[in-house]
1. Search the structure for amide H atoms under 5 Å from the amide H of ALA147, placed 1.01 Å from N in the peptide plane, and list their residues when 5 or more places away or on another chain.
2. Among ALA5, ALA71, CYS300, which residue has its Cα furthest toward the positive end of the charge dipole of the chain, with +1 on Lys/Arg Cβ and -1 on Asp/Glu Cβ?
3. Pulled fully out, how much extra length does the chain show between LEU321 and ARG214, if you take 0.36 nm times their separation in residues and subtract their Cα-Cα distance?
4. Taking the Cβ of SER42 as the center, what net charge do the other residues with Cβ under 13 Å away carry, scoring Lys and Arg +1 and Asp and Glu -1?
5. Based on the mean of other beta carbon atoms within 10 Å per residue, what is the order of 58-64, 214-220, most packed first?
6. Across 20 Å bins from 0, what is the distribution of all Cα-Cα pair distances for the chain, in whole percents?
7. Under 13 Å from the Cβ of ALA9, count the other residues' Cβ atoms, weight Lys and Arg +1, Asp and Glu -1, and hand me the total.
8. Do the alpha carbons of any pairs in LYS188/LYS226; LYS113/LYS327; LYS156/LYS188; LYS113/LYS156 sit beyond 22 Å of each other, and which pairs?
Amino acid sequence: MERFAVIGAGAWGTALAMVARRAGRSVILQAHEADVAAEINSSHQNPYLPGVTLDPAIEATADLAAAIDGADAAILVAPAQFMRPVTQAMSAARPFKAPVLICAKGIENGSCKLMTEVVAETLPAAPQAVLSGPTFAIEVAREIPSAVTLASDDGKLAEQFIQAIGTPRFRPYRSEDPIGAEVGGAVKNILAIACGIVQGRGMGDNTRAALITRGLAEIVRLGLAKGAQAETLMGLCGIGDLTLTCNALQSRNFSLGVALGQGRPLAEILGERKAVTEGVFSARAVIELAGRLGVDMPICTAVNAIVNHGKDIDRMIESLLARPFTKEL
């Protein structure tokens, strides 16, 4: 794994390109927009990650086929709802058999499939692993120490990726539970919106702590129903990512929830953003998947009702508070 194609030049894809380059790898960064690729090549700056100068050795292109040509591995950072068309385009460009590291956090609308399931369908010959954990792109780009879960059914493949991109300041921890890593990464975005809403409503730290803890219970229930291990969700890709995302305005999902809680319309908030707020789009799929699996997820259900069905925030909060008392575990 010497030459990496990083597919997706948003903030996270750009930060991961920098990680791979710092680890000594050759990196080509594929951008959806040609003007973004041109700016990276000319000024070594990316408008999706302002204030950060990229290593001049990182080459950018808008040509997907050119990006993957000759790559020893691909890092897939397209947003979850675009993962299928992107990987289908990769497959159409050439029979792609190199390993892929899936870094998108979400569940596909319609099919309710995890990203590993989508990639297995679209790039069936590509061995795959998942990277997830408590990481803000800007902090990773600035080499602030960070730790992640790198999960694969194939322990040798996971170790290859770890050796290829791991550095003293970007520390991957190996896991054999990609399902747990994916469920944790997808659901925490929805819970971050919930925590942002209570922040915007001025409900206090007690309420946010309760939401995080009971939200973790929802993550674990869904994870177990999909075949994950509960222990995985007590780690970096579960409680670690959840804690980070639910407590900082750097989080796109948390900040969106704050704005909703303050009374701003969802369409207006989304209209001001260049980057995708994954929790809004994954909420519908998570709730549909939970219904198929018979999993109770009341907090995620409330968020989905607010962002996808226009339900009144205060009424949804009261409906949660009116639920019957029950055992904690």
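1. ARG171
2. Most positive-ward Cα: CYS300.
3. Gain in length upon complete extension: 37.3 nm.
4. -3
5. Output ranking for 58-64, 214-220: 214-220, 58-64.
6. The calculated distribution, bin by bin, is 34, 57, 9.
7. -4
8. Details: LYS188/LYS226 16 Å; LYS113/LYS327 31 Å; LYS156/LYS188 28 Å; LYS113/LYS156 25 Å.
Checking Cα-Cα distances, LYS113/LYS327; LYS156/LYS188; LYS113/LYS156 exceed 22 Å.
The values are calculated or read from the model by the stated rules, or taken from the named source; none is laboratory data. Since the model is a prediction, treat every value here as computed from it, not as a measurement. We place every Cβ from the backbone using ideal geometry, glycine too, and count neighbours over all the protein chains shown. All accessible areas refer to the heavy atoms of the entire protein, side chains included, with ligands and DNA or RNA removed. Shrake-Rupley method; radii C 1.70, N 1.55, O 1.52, S 1.80 Å.
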